[in-house]
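Below is one structure, written out as structure tokens; the observations come after it.
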Amino acid sequence: MDYMDFYNQSIAEPEVFWLKQAKQLDWSQLPKTITSKNDEDYNQWFADGTLNLSYLCIDKHIADGYGEQNAIIYDSPVTNTIQKITYNELHSEVSKLAGGLQKLGIGKGDTVVIYMPMIPQAVYAMLACVRIGAIHSVVFGGFAPHELAIRIDDCKPKAIITATCGIEIKRIIPYKPFVDEAINQAEHKPNHVVIFDRGIDVERPQKTYDVDYSELVAESDSVNPVDVNSNHPSYILYTSGTTGKPKGIIRDTGGYATALKFSMKYIYGVDEGDVFWAASDVGWVVGHSYIVYGPLLNRNTTILFEGKPIKTPDASTFWRVISEHRVKVMFTAPTAIRAIKKEDHDGEFIEKYDLSSLKYQFLAGERCDVATLSWTQQHLHIPVIDHWWQTESGWPMLANMVGVGLQEIKPGSAGLPVCGYDIRILDEHGEEVSDGVEGYVTVKLPLPPGTLSSLWGNPERFKAGYLKRFPGYYFSGDGGYKDEDGYVFITGRVDDIINVAGHRLSTAEMEEIVASHKDVAECAVFGIHCEIKGQKPLGLVVLKSGQTSDEEVLKSEVIHDVRKEIGAVASFKDVLVVKRLPKTRSGKILRKLLRQMADDLSFNIPSTIDDMDIIPEIQSVYKENEIGIHKH
Ligand code: COA
Ligand code: AMP
């Protein structure tokens with residue numbers, strides 16, 4: 001099949017194209033309406049179709065005779081565990097937990113927050129929710145109670161499902177005190193907290209709302225999947241926006257299932273029965289789409305890995321997992337490869353393992369630098385494919401669709417548009433730019449199935465944030481350009497979002513916290529280059545006048561505040577005190593200039609700057625702190 005023909009079909013006749021793909025799924029009721037408008041006048045897919053995601057991910061495969069195939073391989077170097085879970089076992093766990101949730105009064109349309117480490121029970125919890133039509137919202141375990149509280153107040157869950165602890169390399173992180181603290185801070189109070197006891201001795205305060213996960217499952221009967229409409233939300237996933245308040249991305253059911261099933265075959269090139277591994281976390285979109293729903297819909301064996309690319313126990317872990325479980329296709333973030341490369345520059349660990357099962361290595365989550373791509377290619381001797389997408393899209397927008405036939409790999413580019421995505425690069429007036437010219441990366445509407453349907457409880461923010469700036473287009477928030485062959489090069493976010501070790505974070509949120517410190521007059525937080533994590537946040541603070549407090553104390557206090565409010569995942573560790581911040585005459589802080597200076601990139605001093613002397617002043621502070629003096 002020719003990629004270009006296939007892609008063109010998807011754009012020319014989207015209804016024909018996607019109905020054909022939808023028919024790859026076992027719907028309870030096949031849709032007759034392919035596209036229509038929802039109450040918000042926004043495009044929706046397969047409105048009159050009905051189906052159940054848990055049925056498609058589990059029961060369907062058992063009915064087809066694959067009950068004894070491994071659905072999940074849980075590989076946890078932090079607990080020295082390898083557990084293989086068949087589709088039959090997955091069915092038993094999920095359907096009984098679903099029965100337990102029903103007993104707790106949870107049903108179709110209710111929301112449930114899942115705050116779990118990377119253990120099988122996290123996957124069971126997600127599938128149990130969708131089995132009964134409940135809408136889950138998984139919150140990444142690295143977020144602090146305050147972030148959890150914000151999400152609780154926004155989606156108002158009837159229950160929270162959690163575990164007694166997470167494990168970060170060797171550090172045990174008790175979850176229950178975090179959950180209790182979040183409930184304490186939140187205005188909305190869930191009725192129940194279901195806790196899975198990992199059998200690790202850890203602080204576990206008891207509350208009246210507690211329910212023991214294992215007891216609940218043991219005392220509950222299996223329940224059958226409940227049919228939902230295609231546009232019923234399967235989940236809400238919060239992601240960083242440009243303000244302090246995260247955005248609850250809503251995912252539908254039928255469009256999502258169609259897109260994921262399509263992507264497994266045509267983007268990732270995996271067949272049913274293959275082993276697929278996305279080394280991410282269920283708290284991120286990659287975890288939702290490619291640890292849980294995509295591979296299970298496609299009857300793959302998915303790897304659930306509880307560890308890090310290094311230190312668990314060393315930089316050979318990824319290769320051990322691939323070789324031991326015969327992984328065919330793997331997906332990770334460039335930052336993980338950079339971390340491995342730093343420890344094993346010559347790829348000696350790679351040589352020790354039989355990686356003959358591995359056909360493709362996919363990378364995404366942040367910009368992939370050419371050096372990382374080349375190193376991976378050189379050591380794995382297979383195609384290494386950068387591809388681009390976001391929480392909002394739910395599945396890739398740019399890639400090399402290897403299932404259709406591998407196209408040329410152009411280092412630095414995230415590839416060609418994926419079927420269904422009509423990618424356009426626009427200038428600030430909404431006009432398309434010429435090849436090679438950088439602009440705003442947009443997708444001409446309508447978006448294909450599987451992409452966000454709105455923001456939870458906030459359709460106005462959805463329209464304002466994504467659809468208003470360029471009418472008729474979805475605005476991704478990224479900048480980039482196309483080359484003469486249609487390959488797209490993503491250059492980075494054009495807003496206040498940064499990407500630290502593949503984790504999407506809002507600098508505006510960090511700024512709000514830093515600015516609330518009693519001694520801080522004003523501040524700017526922005527992302528600067530980091531050799532391993534791609535970017536890291538740097539905070540510049542100006543003290544209130546007359547403030548004589550010890551700078552070191554102030555720095556450690558604001559660092560502590562950000563960690564306490566957002567969580568360790570913010571990786572906020574660098575703060576500098578400066579006398580002033582560069583501003584335009586209208587008082588706007590010149591963040592881009594500050595970032596370029598810190599990254600030691602050439603910069604133009606904007607003509608609108610109100611005070612030229614500030615440039616050498618900031619440069620000397622950077623220099624003293626060894627920021628911006630390393631060329632890269
Ligand atoms: N629960 C609690 N804390 C967590 C956590 C979790 N689930 N995940 C991360 N943290 C903590 C870490 O322990 C660390 O704390 P510290 O500052 O006290 O050391 C902090 O958050 C930052 O974590 P991380 O960004 O993961 O940095 P790291 O130095 O521990 O590891 C890498 C660096 C590159 C190895 C790691 O970031 C990595 O594997 N990245 C790949 C990310 C990825 O797959 N992203 C998904 C997108 S596809
Ligand atoms: P998230 O929603 O957390 O998946 O983050 C999405 C953002 O990560 C995108 O908007 C991009 O800024 C960035 N991103 C993801 N994949 C890539 C990629 N392959 N190349 C460049 N940036 C990427």
Checklist line | Value at 222 nm in deg cm²/dmol, rounded to 500, when DSSP H runs of n ≥ 4 in the chain each add -39,500 (n - 2.57) | finding: -8000 deg cm²/dmol
Item checked: Label zone at GLN83 (point 7 Å along Cα-to-Cβ), backbone N below 17 Å, segment 99-143 -> 115-128
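Could you tell me the calculated FRET efficiency between GLU432 and ASP561, based on Cβ-Cβ distance and R0 = 35 angstrom, to the nearest 0.05?
0.20
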Note to self: If R₀ is 30 angstrom, what is the calculated FRET efficiency for the pair ILE615 and GLN547, using the beta carbon separation as r and rounding to 0.05?
What the structure shows: 0.80
Next item on the list: Just read off the accessible area of HIS429 with the full protein assembly in place, 1.4 Å probe, to the nearest 10 Å².
Entry: 140 Å²
Checklist line | Karplus-derived HN-Hα couplings along segment 427-437 (A = 6.51, B = -1.76, C = 1.60, θ = phi - 60°), whole Hz, x at Gly and Pro | finding: 8, 5, 8, x, 8, 5, 8, 7, 3, x, 9
Check: Ignoring ligands, DNA and RNA, what accessible area per residue does the chain give at 1.4 Å, in Å²?
Finding: 39 Å²
Margin query: So if I take the centroid of the Cα atoms in segment 130-162 and the same for segment 573-626, what is the distance between those two points in Å?
Written below: 39 Å
Notebook entry, point to check: If you rank PHE276, PHE475 by how much accessible surface each has, with a 1.4 Å probe, what is the order from largest down?
Noted result: PHE475, PHE276
Next item on the list: Set Lys and Arg Cβ to +1 and Asp and Glu Cβ to -1, take the dipole of segment 73-190 about its Cα centre, and tell me which of GLY100, SER76, ALA122 lies farthest positive.
Entry: GLY100
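What order do TRP45, TRP456 take when sorted by accessible area (1.4 Å probe), most exposed first?
Ranked from most to least accessible, the order is TRP456, TRP45.
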Check: Carbon and sulfur together cover what percent of the accessible area of segment 37-179 at a 1.4 Å probe radius?
Finding: 48 percent
Margin query: Could you work out how much longer the chain between LYS108 and GLU13 gets when fully extended? Use 0.36 nm per residue separation minus the Cα distance between them, nm to one decimal.
Written below: 30.8 nm
Notebook entry, point to check: Once you list every other residue whose beta carbon is under 9 Å from the beta carbon of PRO537, what net charge do they have if Lys and Arg are +1 and Asp and Glu are -1?
Noted result: +1
Next item on the list: Distance from a point 7 Å along Cα→Cβ of LYS37 to each backbone N in segment 454-471: keep the residues under 20 Å and list them by number.
Entry: 454-455, 458-471
Checklist line | Sum of side-chain charges, GLY439 neighbourhood, beta-carbon under 10 Å (Lys, Arg +1; Asp, Glu -1) | finding: -3
Check: So how exposed is TYR238, as accessible area in Å² (1.4 Å probe, rounded to 10)?
Finding: 20 Å²
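What is the calculated FRET efficiency for GLU626 to LYS189, with r their C-beta to C-beta distance and R₀ = 41 Å, to the nearest 0.05?
Plugging the Cβ-Cβ distance into 1/(1 + (r/R0)^6) gives 0.30.
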Next item on the list: Evaluate the distance, in nm, between pseudo-label points positioned 7 Å from the Cα of GLN29 and of TYR209 along their respective Cα→Cβ axes.
Entry: 3.6 nm
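The values are calculated or read from the model by the stated rules, or taken from the named source; none is laboratory data. Quick caveat, the model's predicted, so the values are computed rather than measured. Methodologically, a virtual Cβ is constructed for each residue, glycine included, from the backbone with ideal geometry; neighbour enumeration extends over all protein chains shown. With ligands, DNA and RNA removed, areas are computed over all heavy atoms of the protein, side chains included. Shrake-Rupley method; radii C 1.70, N 1.55, O 1.52, S 1.80 Å.
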